[in-house]
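The values are calculated or read from the model by the stated rules, or taken from the named source; none is laboratory data. Quantities reported herein were computed from a predicted structural model and do not represent experimental measurements. Neighbour counts are summed over all protein chains in view; Cβ atoms, including those assigned to glycine, are modelled from backbone coordinates with ideal geometry.
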Amino acid sequence: MKTALAVSALALACVLATAVSQERPAAPAAPADAAAAASAARFPSYDPRYPPPPGTPPADIFQLSQNYPKTYANETFPWMAIDFKAFPNEYLRAVLNYCLEGNVDVDFRVQDNRVRKWYHAPWLHDDGNQFGGGREYRHGMTRERMSRPFELHTRQTGRGQNWAVGFYNDRGGSALGKVWLTADGRPDPAKSTFPPNSVACKLLFTDAPVEQVPYLQNGKVWTANIYPDTNYNKPRVNREMRLLQLDVAVKDPRLARSTGWVFGTFVYDGGSPGKTVWDRMSPVGLSWGDDLAVRTDAQRDGVFVNTALTEARINGFLVEQTGWDYGNRAYVRHHGLGGRVNGPIDSPVSSCVSCHGRAGTFANANDPVNRGRPMAMAVFTANKPSEYPMDKFGEFFKPIPDGAHVETQDGSQFMTTDYSLQVTAGIRNYYQNLRSQPQPVAAEATRATRGLKAAAPVDLSNAPPLPRVDRDAD
Ligand code: HEC
């Protein structure tokens, strides 16, 4: 019986194969497809500790978009016609529209986008089980800094879990491919220089309820596989989350020879008259530098517009006016340090440019203990600006040039990853996971050519975990 079935299955397979080959006369497509399929399966999509339960429909399972292109289209980028210093809101809107085009139709399954493909950064699926922040299986979101009570709204009495997913356009995707698809399989941070007009967009969702954050009403809802609350040791469950913030980063060629990137952010405003969710995204501000010389109000808590800043544009209309009844309208209760640009879920002692400028990974590949160690991004021991140690200001707010290059921090050398913290975090996770295996001693090939005997592998299984790459220490 078994044999008969097998034979008929084989016969059927032959019939199908013939039918397919008749339909597809040209053979050359096959190797390219096979290569694409092989590379498509290379990096896992979600945290293996929290897999989808059996029977989950494939449409509910996140798939990493990892067919990283070697080349990219020559496009006209609408924001290039806009002066971001003079017209920050128009610039941000042009970038937002680009992030949404074709992605809204496919609910951000970005590889299915019919206008242009987008790509996810690999190795965010598994942080080594230290922080429970690996990509969840529904939408590929990673855990972000939690929102403390009252950070988002005066009615927010509880903590909010925040999770987010980011994606890069084809130019960004080409850089991801260079870093990750190497001959020896190890990521090469020195390849992480992003081409002009690389774009990254990030959707940030919260589980804070509408009753506590009224401007989340009528928003975009996703079900995500996250923790029941901010105790991250519990098993993950499916929960509804609401879109709160949307971040963008653009490698703008007008900033070549300085930071290279414009960072901007939006907050969802459920009470605004915009027709769609996307029309109701309200621009908080953008920034292309950290104004190292400006220390005015650096230790001032709360929300305000710092008019001394020259490398940021902030929308004053979102700044909370105490005592106003905002109803369902959005407002912000903090920015970054000294009024620098940061989003509602971000830490008030940092800024977009400050954290991302410190995207970098330990440079000495021959030091197995520190391999994958990220550069420190911010002073997370301070919870609010009034606690900020000003002797650290120069270190964390000095300008960092774009492009992969070596920077020194605390006497160690780091290879920067061109403002991409997803590249830094992926490299960190990759080496953290390797620690469960004995580490070959680097430069083994050199030893062999010199006739030296192989060195004993280094055991890092009990080494303290590499620091986390995250928006905060929690
Ligand atoms: C305290 C540090 C910190 C601050 C402040 C911060 N980020 Fe990030 N950001 C991160 C980390 C860590 C990641 C990577 C982790 C992930 O995406 O899962 C990241 C990822 C991103 C990405 C995805 C691409 C990339 O570069 O890795 C974008 C886009 C982004 N952030 C934009 C912003 C914007 C815009 C702001 C300011 C409104 C901002 N970030 C503020 C830490 C920070």
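General remarks:
- Search result, residues across the stretch 188-202 that are surrounded by fewer than 24 Cβ atoms within 10 Å (Cβ to Cβ), more than 10 Å from the ligand (Cβ to nearest atom) and under 15 Å from the mean Cα position of the chain (by Cα): none
- Hey, Ala330 out of contact with any strand residue (DSSP E or B) (no Cβ under 8 Å at 6 or more places or on another chain), more than 12 Å from the ligand (Cβ to nearest atom) and either in a loop (DSSP other than H, G, I, E, B) or β-branched (Val, Ile, Thr) (or both) or not: no
- Set Asn366, Asn383: member being modelled with pLDDT under 95 and within 15 Å of the ligand (Cβ to nearest atom): Asn383
- The stretch 99-114 - residue that is in contact with a Phe, Trp or Tyr (Cβ under 8 Å, 6 or more places away or on another chain) and either closer than 22 Å to Ala312 by Cα or hydrophobic (A, V, I, L, M, F, W, C) (or both) and, of those, surrounded by the fewest Cβ atoms within 10 Å (Cβ to Cβ): Val104
- For the stretch 115-138, the count of residues that are touching a residue at least 24 places away in the same chain (Cβ under 8 Å), within 30 Å of Asn315 (Cα to Cα), more than 16 Å from the ligand (Cβ to nearest atom) and part of a loop (DSSP other than H, G, I, E, B) is zero.
- First in the stretch 280-291 and outside any strand (DSSP E or B), second anywhere and within 11 Å of the ligand (Cβ to nearest atom) and of a type in the set (D, E, K, R), Cβ under 7 Å, 6 or more apart: Asp290/Arg340
To keep it simple, each residue is scored yes or no on (1) of a type in the set (S, T, N, Q); (2) part of a strand (DSSP E or B); (3) touching a Lys or Arg at 6+ places or on another chain (Cβ under 6 Å); (4) over 26 Å from Arg371 (Cα atoms).
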residue: Pro149; (1), (2), (3), (4): no, no, no, yes
residue: Gly158; (1), (2), (3), (4): no, no, no, yes
residue: Gly177; (1), (2), (3), (4): no, no, no, no
residue: Asp184; (1), (2), (3), (4): no, no, no, no
residue: Lys202; (1), (2), (3), (4): no, yes, no, yes
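- Note on the stretch 442-466: among residues that are in contact with a strand residue (DSSP E or B) (Cβ under 6 Å, 6 or more places away or on another chain) and either part of a loop (DSSP other than H, G, I, E, B) or within 29 Å of Asn162 (Cα to Cα) (or both), the one that is modelled with the lowest pLDDT is Pro457.
- When the stretch 389-421 is filtered for residues that are surrounded by fewer than 17 Cβ atoms within 10 Å (Cβ to Cβ), in contact (Cβ under 8 Å) with a residue 60 or more places away in the chain and not in a loop (DSSP other than H, G, I, E, B), the ones remaining, listed by number, are Met390, Gly394.
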